[in-house]
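Quick notes on the structure that follows.
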Amino acid sequence: MAYFGNWAVGCDNLRSCSAIGLSDEGAKIGFVKIERGGEANAAPLVTLGLYEVGSGRGSKLEAFLDDRHVGGHVSEHDDVYMKALLTGEAADAFVVALGKARQLRISRSDGTGRASSPAVIAAAGSVPSLRFVDDRQTRSGTVTALVNKGRQSASRVPAVPEAPLVVAKPIQIVEDGPPPASIANAAKDADILACPDGMEPIVARLSARRTLWGICNWAAAYNIGYSFFLVAEGQVTPVAFEVHGSSNSRFQHGVSVLTELVNPSISRDGLTLSATNAGRGAGDCGEKGEWAWDGERFQLLRYSRLDTCRGIVASEWPVTYRASRK
């Protein structure tokens, strides 16, 4: 991850990158996100987003770069934002114009000439952010670069690595009593007094002989931390979750890991254990991870992160790692 003013940019293990420009703290919430895959022929995708409650059908997002109108874009509402997508030549032209502008303004129009108050995003951080993307995708000096263009052909961009494949085994949440003494001993350093009353452990069956226990470790206003343990035939083993791009990890046996998960949950199908460490109560910044049990250990499926809190939900945060699940 890198930050340039109101811009954040991140890339994953497959060299897919996203740069997101944010409005100022306390101002109208909006964003622009520029995404690009790592393949040599991958084209940029631009998303314009505006936080609007109850936007009606037929509305458009109006975008201005300084005083230049760059389009009234048909938008869709996803229950959080009005969003418009720019692809192909429209996306290419927008990226070029953005690099020459001072600011981007995004507002909603309803077809009658009336427009909402705009979200204003400083454009200065876009150039260093996209230069970061060019560098991470090894495009600098090639005709495919967004900023650092050169004469080298697209063939100079190396092939994208294959996504890691995780064969997920379902885990089953079970009702159980108090944790066994072996778990209590392993979790003796937990700040139990800080955990809310009635905070039950998370218990999941991994196999006939192996059980996962999650024990509340601490609690704050909007985050609850859990330590996890594998119990098999009386043996208790603390679980460490591999991560990529986390600011809260530690190295263990040469691998970056989390030794506790914040706000963990297990999906209904039992194939994903997820956790979101919110940077503040609104949940508009922080880190989010997803893991799958492969029969031997929990493997990372996806990790995303955004440190700047500006009204952006987790689904829009830059991704720092992704794997395929089977």
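The values are calculated or read from the model by the stated rules, or taken from the named source; none is laboratory data. Note that this is a predicted model, so its numbers are computed, not measured. Positions of Cβ are backbone-derived with ideal geometry, glycine not excepted, and every protein chain shown enters the neighbour counts.
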What is the number of the single condition among (1) part of a loop (DSSP other than H, G, I, E, B); (2) over 19 Å from the mean Cα position of the chain (by Cα); (3) of a type outside the set (S, T, N, Q) that V70 does not meet?
(1)
Only listed residue being modelled with pLDDT of 95 or more, more than 24 Å from A2 (Cβ to Cβ) and out of contact with any Leu (no Cβ under 6 Å at 6 or more places or on another chain), chosen from L300, L273:
L273
Scanning the range 263-302 for residues that are free of Cβ contacts under 8 Å to residues at least 12 places away in the same chain, part of a loop (DSSP other than H, G, I, E, B) and not charged (D, E, K, R) gives S267
Name the one entry in S246, S227, S256 that is under 26 Å from the mean Cα position of the chain (by Cα), surrounded by fewer than 18 Cβ atoms within 10 Å (Cβ to Cβ), within 30 Å of A282 (Cα to Cα) and at pLDDT 85 or above.
S256
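Is one or more of the residues making up the range 87-99 within 30 Å of V160 (Cα to Cα) and assigned to a loop (DSSP other than H, G, I, E, B)?
Within the range 87-99, one or more residues are within 30 Å of V160 (Cα to Cα) and assigned to a loop (DSSP other than H, G, I, E, B).
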When you scan the range 135-148, do you find a residue that is in a helix (DSSP H, G or I), free of Cβ contacts under 8 Å to residues at least 24 places away in the same chain and assigned by TED's automatic domain parsing to the domain that holds N6, even just one?
yes
Filtering the range 1-40 down to residues that are in a strand (DSSP E or B), over 15 Å from A122 (Cα atoms) and touching a Leu at 6+ places or on another chain (Cβ under 6 Å) yields E35
Members of the range 194-214 that are more than 18 Å from S182 (Cα to Cα) and free of Cβ contacts under 8 Å to residues at least 12 places away in the same chain:
D197, G198, A208
Tell me which of these R305 doesn't satisfy, since it passes every other one: (1) free of Cβ contacts under 8 Å to residues at least 24 places away in the same chain; (2) buried (at least 19 other Cβ atoms within 10 Å of the Cβ); (3) basic (K, R).
(1)
